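Single-structure report; data block below.
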Amino acid sequence: MRELGANITADYAGRDLLLVALLKASFVFLADLSRAIPIAHQVDFVELAGYDGAATGGHTSVRLLQDIAIPLAGLDVLLVEDVVDTGLTLNYLCKLLDLRQPASLRVVTLLDRPYRRLVENLPVDYVGFTVPDEFFVGYGFDLDERWRNLPDLHFAKV
């Protein structure tokens, strides 16, 4: 976390930074990351729902459930993701937010699975860990809305 925070702090020093977390799984990561970034910044949330994921292992369509409250025009926006997998959800969100004319739009993810990408050239700028194709619980990740409260990541058998 310290390394991610230090890299982000160096890149955004003197800029107007907004961290936008995708609910729900990234809320714990956001809290720790925000504390690791000592420069002043704002925080907001967005919530998306994905559908029809059984065939691809990811979402093939996305719906916005909760939008960001802060206007993005002129802000440096850093999307805070729990895991980047197929990239379909993140691609949708990047396109949506880019229409709002932020000064910049970048992505930080705790976990990355680049070998599962269905979207080419997806911008993932900061990566905590590249992980195997396993299901995780804890540290904000859930199984049927349970186990988010575990302090560490654990492999889950589903």
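Each value in this text was obtained by applying a stated rule to the coordinates, not by laboratory testing. Keep in mind that what you see is a predicted model, and the values were worked out from it rather than measured. Cβ sites come from the backbone with ideal geometry, for glycine too, and all protein chains shown count toward neighbours.
Specify the inter-centroid distance of the stretch 1-49 and the stretch 71-125, based on alpha-carbon positions, in whole Å. When both Cα centres are located, 13 Å separates them.
Highest mean packing first, where packing is the average number of other Cβ atoms within 10 Å per residue, the peptides 13-25, 129-141 line up as 13-25, 129-141.
Between helix 88-98 and the chain there is an angle of about 20 degrees, using the helix long axis and the longest principal axis of the Cα atoms. Rg/Rh for the chain (Cα atoms only, Rh after Kirkwood) is 0.94.
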